[in-house]
Amino acid sequence: MQHVWPDLRYALRQLRKSPGFTATVVLTLALGMGATTAISSAVYGLLLKSLPFPDADRIVSVAETHPKIPGGIEATYPDYEDWRTQQRAFTEIGAYSTINPTMASLVVDGRPESVHRVLASGNFFSLLGVSAQIGRTISARDDVQGSDHVAVLSAAAWQRYFGGDRGVVGRSVDLDGANFTVIGVLPPRASFPAEGEVWLPLSLLDQPTRVSRVWHSVKVLGRLRGGVGMPESRTEMQAIAARLAAAYPATNRSVGVVVSPLRDQLVGTLRPAMLSLLGAVVLVLLIACANVANLFLVRATSNRREAAVRLALGADRSRIFSQFFALALLLSLAGGALGLALAAATLPLLRLALAHTAGLDASMIESVSLNLTVLLVALGVCTLTAFLFAVLPGMRGSFGGAKVNLVEDLRPGDRGSTGGHRWGHGTLIAGEIAIAVVVVFLGSLVMRSYQKLLAVDPGFRTDHLLSAEISLPQPRYTDSSETTAHFYQQLLAKLSDSPGVISAGTTTQTPLMPSQVMTRFLIEGAPPATPGAFPVAQIRFVSAEYFRTMGLAVQEGRLFNQKDIKDQASYAIVNAAFARKYLAGRQAEEAKILLGVLSPQPQKFPVIGVVANAHDLGVGSDPQPEMYLPGFGLHAVLLVRSAIDPESLVPIVRNAVHGIDPNQPTYHVQTAQVILDDTLARQRMTATLLSIFAGVAVALTAIGIYGVLSYSVAQSRREIGVRMALGANRADILKLMLGQTGGFAAGGFVAGLAAAIAGARLMNGLLFNTSTVDPLSIAIAISGLALIAGLAVTVPARRAATVNPTEALRSE
C-alpha cells in the first residue's frame, strides 16, 4: 500500500508525456462506456427495475384474444365478472376502463379543463397496493350505482388544478356537468395508468356496456396467489375461457385469454428494440476495449527497454507491474467518468425519444435514469478493463516475465515485431472488423427498414391537416341526440367559413390509430356464418366532409352528403380492403351490410360507396377492412384541412368550440404529420441509435487498424531497411505491409458477416419488408468497412515504403 501514491504519481507523469496516447485511450473508452451506460440505464429502467407497486412481479395483465384481431384486447364486462367469480389463481382480480370516454371536462374556477378519466373497480387500488397520500382511494362501497359520485386525483392533477390544496378532499367538483366528491389524492408516481388524472368508480359504466358480451370495454389486472405461477394462472384462465365459449358461442366461441406480466403491458412492443440496442452497444464496447488493449500492448512493447533497464538495476517485477496497473486504472477511470458524463447528457434525449413511442406507458419513461446499479456496473467494467490491460502485457513477457531477454532488450535499435506480436495484433484487428461488420450490417438493415416505412403512403394527405379531440359531457349531451349533432354541425360550419380553412370533418378516432370499435357483420346474400365465426371489421362514424378533409378518394359510388348526416341515414361506405375481401364478385353499390347480427333483427346498411384505403393501424400494417357510417358521437376527432400552416389554426379551433359551448375544452391538438411521426418513433429511435453505434464502431475500428499498423511500421524499420538494401522496392514494401493486415481483415469480414446474418434473424421482428440477408445492407457493411479499413492501412503502409534503408540500418 505504501507504493500506491508513488505509482499513481508516476502514472500521471507518464500520461502527461504521452498526451496523444492518453487522449485516444480516454476518448475510446468514453465512447464505448458512455453508449453502454446510457442504453443499459434505459434497459434496466424499462425491463428490469421494479415497478412502483408492492410485489409488482405478482401483478399480471389478463386480456382477451380474438383470431381476427391482432394482440390482446380489452375484456367485456360480463366476461370480467365471470373471471372474477370463477378464478382461484389470484388473490384479487380488478378492472379499469379508459374508454367511454377517455377524457372528462373538469370545471375549475369557471374554466373547463380536459382531464384523463379512468373508471376503476372498488378493489383496483388495493390490488395494486396503492394508498392515498391524502384521504382514501375508491373502495367496494363506492363501486355501487347510487354511491359512485366520488373521485380520486393524481398528485400531478392535484397540483395542476388545485394548487396542492389539502382541503380538496371532501370538495365537490364539476365533472362532465355532474358533481363528484373528491375523496383522496394519490402519491406521486403511483398513478396507474400513468396518464390518469382522475379515477371514478367502474360502476359508472353505462348499463348497455355492463351487460354486453360484444363491447370490449375493460382492462383486467390480477395479483397472483402465493405459490401460483404464470403457467398455472394461464391454464386456469384458459379453462374459464373455454367454459364461457361453450356457454355463449355467439360471442365467445373464438375468444381466448392471455395472461402476461404487467411490465409487458407497460413496455408494449419496445422490448425487442431495446434488447437489440443493448446487444449493439455491447459490441461497440468490445471494439473500444480491443482498441485500448492494442494501444496498451503497443505501449508495453515500446517500453520494453525501459523495463529492462529498471530490472537490470534491481527493480522488483511486481512493482513494475503495479505501476503499469496504476496507469491502466487511471485511464480506465478517466474514460469511465467521461463516459458517464456522456451517458448523463444522452439520457434526456433518449427519454424524449421514448416519450413519443406508441404503446409505452408514460410511467416507464421516468424509470430511465442513471442509477446505482448501472453506475456500479460501469465502475466494474472500468476496473476489470484496467486489470486486463495490466495483465496482458505481463503475460506476453513485456515486463519482466520469464521470456524477457535483458541483453536483447538493452541493445540499442528496434528489435522488430515478432510473429507472436503480429498474430496478437492481427487477431485483435480481425475481431474488431468482425464486430464492426455486425453492428454496421444491423444498423443498415434497420435503417433500410425505416426508410421503407417512410416510403409507405398512409393513404391520406398528412400535410396541412390539424387534428383535435372533443369529448362532450353527459348528461347535457348524449350519443345520437339532436343536441350533439347540432354542436358538431355548428362547429364544422364555423370552421369551414374561417380564413385559411379548406374543409373540416369529424370521425371517431385519430388517423393512423385503430378505431377501438370492431363490429361483427354479415353481407346480405352471403352464406350464413357459424355462431361465433362472424367476420369483423373496424367501424368509424364520420361527417360528410371527412373524406374530402382526409384526402381519401372515392373509387365507386358516392360519399355521404349533409342530408345523410342530418337524417342519420342507414348507409355505409367501405374501404377498398373491405370491398376486396367481402364484396368480391359483386357490385359494391348493390351490397347490403347487416349489423347487429347477434340481435333478433339485424339492421341493413346499403353500401353507397367505396373509398381508398387508409393505414389506420399504422403504416407498418396492411390496411384492414373498414366501414364508415354517418353521424356524430359524444367523442369526436376534429380534422381541419388548411391552406396555411395548420398550427396557426389552433386558436381558431379553440375559439370556435368556446363560441358554441364556453365550458367545452379541446385536447390532443396536433398536426397529422406529428401523429405520423409518433407512430414511427420506435423505429426511428432504433434506426438512429443503431446508425450512430455503427458510425462509432467504424471510427473505432479505423483507429485500431491505424494504430496497430503505425506501431508495426515503427517496430519493423530494421526489417524494412534490410529488405530495401537487398533490392526490394517501395511497391514490394507496400505489398508486404498490406499483406500483414489483409489476411486478418479478410477473416474478420467473413466471420463478421456470418455472425451478422445470424444476429439479423434474431431481430427479424423489427424489420419491415426487409430481408435478413438484404444484399444492399451486406454491400454497405462490407464496402464501407473495407473502404475505411483501406484508408486506415494506407497511411502507415505508405510511410513504410518511404523508409530510408541507410538510416534504418544505421540505428543498429
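The values are calculated or read from the model by the stated rules, or taken from the named source; none is laboratory data. Treat the numbers as computed from the prediction; the structure is a model and nothing was measured. Here the Cβ positions follow ideal geometry from the backbone for every residue, glycine too, while neighbour counts run over all protein chains shown. Only protein heavy atoms, including side chains, enter the accessible area calculation; ligands, DNA and RNA are left aside. Shrake-Rupley method; radii C 1.70, N 1.55, O 1.52, S 1.80 Å.
Of HIS464, HIS66, the order by accessible heavy-atom surface (1.4 Å probe, DNA, RNA and ligands excluded), from most exposed downward, is HIS464, HIS66. The fraction of Cα-Cα pairs per 10 angstrom bin, counted from 0 for the stretch 25-86, comes to 17, 23, 25, 17, 11, 6, 1 percent, rounded to whole percents.
Counting only protein heavy atoms and a 1.4 Å probe, tell me what percentage of the stretch 592-669's accessible area is made up of carbon and sulfur. That share works out to 52 percent. Computed on the Cα atoms alone, the convex hull of the stretch 563-662 gives a volume of 179 cubic angstrom per residue. With θ taken as phi - 60° and the Karplus curve 6.51 cos²θ - 1.76 cosθ + 1.60 applied, the whole-hertz 3J(HN,Hα) list for the stretch 643-660 is 9, 10, 4, x, 5, 6, 8, 4, x, 5, 5, 5, 5, 5, 5, 5, x, 8 Hz, x standing for glycine and proline.
Once the 1.4 Å probe is applied to the protein heavy atoms, the stretch 553-700 comes out at 42 Å² accessible per residue. Extension gain for the segment ALA529 to ALA779, taken as residue separation times 0.36 nm less the Cα-Cα distance, is 84.8 nm to one decimal.
Subtracting the Cα-Cα distance of THR483 and LEU787 from their residue separation scaled by 0.36 nm leaves 102.5 nm. In the full protein context, the stretch 5-153 carries 39 Å² of accessible surface per residue, based on a 1.4 Å probe and ignoring ligands, DNA and RNA. Here the simple spin-label model places points 7 Å from the Cα toward Cβ, and for THR235 and ALA493 these points are separated by 6.6 nm. Taking θ as phi - 60° and the Karplus parameters 6.51, -1.76 and 1.60, the scalar couplings of the stretch 176-190 work out to 6, x, 10, 8, 10, 9, 6, 10, x, 10, 7, x, x, 6, 9 Hz in sequence order, x denoting glycine and proline. Between ASP645 and ARG225, the modelled label-to-label distance comes to 6.2 nm, taking each label 7 Å out from Cα in the direction of the beta carbon.
Normalised by 2.2 N^0.38 Å, where N is the number of residues, the alpha-carbon radius of gyration of the stretch 45-150 equals 1.27. For the stretch 494-562, with all protein chains in place and a probe radius of 1.4 Å, 58% of the accessible heavy-atom surface sits on carbon or sulfur. If you take all other residues with their beta carbon under 13 Å from the beta carbon of THR671, and give Lys and Arg +1 and Asp and Glu -1, the sum is -3. Only protein atoms count toward the accessible area here, which uses a 1.4 Å probe; on the stretch 44-158, the carbon and sulfur part of that area reaches 49 percent.
A full extension of the chain between MET513 and ALA455 corresponds to an added length of 19.0 nm, given 0.36 nm per residue minus the alpha carbon distance. With the simple model of a label 7 Å out from the Cα in the direction of the Cβ, LYS581 to THR65 spans 1.9 nm.
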